[in-house]
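Only the coordinates and a few stated rules stand behind these numbers; no lab work does. Every value quoted in this text rests on a predicted model; they were computed, and no experiment measured them. Virtual Cβ from ideal backbone geometry, glycine too; neighbours counted across all protein chains shown.
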Amino acid sequence: MPRIIRIDATGPFKIEPEKFPRDEQGNLKAIWICACGLTRTFPYCDKSHKVCAAGEKPGVLYTYDPATGQVVDQRSI
Ligand code: FES
């Protein structure tokens with residue numbers, strides 16, 4: 001389902017390899033990067049996607065409030 005997301009960033013996020021999370025044995029752990037656009041911790045997923053995964057319907061364009069993460073408009077497309 002499509003959605004409109006307001007993003008004010010004008011450049012990339014840098015992720016330093018030494019800051020990657022590791023397990024007790026020092027092995028690298030998975031990092032989840034947000035693909036839905038709703039996270040408040042870019043570039044990382046903060047599970048805000050649960051809102052769109054559970055509530056969006058096909059054929060509808062959703063607009064979210066960037067401060068609250070709530071739907072402020074929805075239109076048929
Ligand atoms: S994919 Fe965007 S918050 Fe999880």
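Computed quantities for the displayed model
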read-out: Sum of -39500 (n - 2.57) over DSSP H runs of 4+, divided by residues of the chain (222 nm, nearest 500); value: -2500 deg cm²/dmol
read-out: Cut-off under 5 Å, modelled amide H: who pairs with Val60 long-range; value: Ile77
read-out: Nearby lysines by direct alpha-carbon distance to Lys57 (threshold 22 angstrom, same-chain neighbours under 8 apart not counted); value: Lys47
read-out: Low-density loop cleavage sites - chymotrypsin sites (Phe, Trp or Tyr not before Pro) in the range 30-77, where at most 14 other Cβ are within 10 Å (DSSP); value: Trp32
read-out: Expected-Rg normalisation [2.2 N^0.38 Å, Cα atoms] applied to the chain; value: 1.35
read-out: Under 18 Å from the Cα of Lys19 - lysines, other chains or at least 8 residues apart; value: Lys29
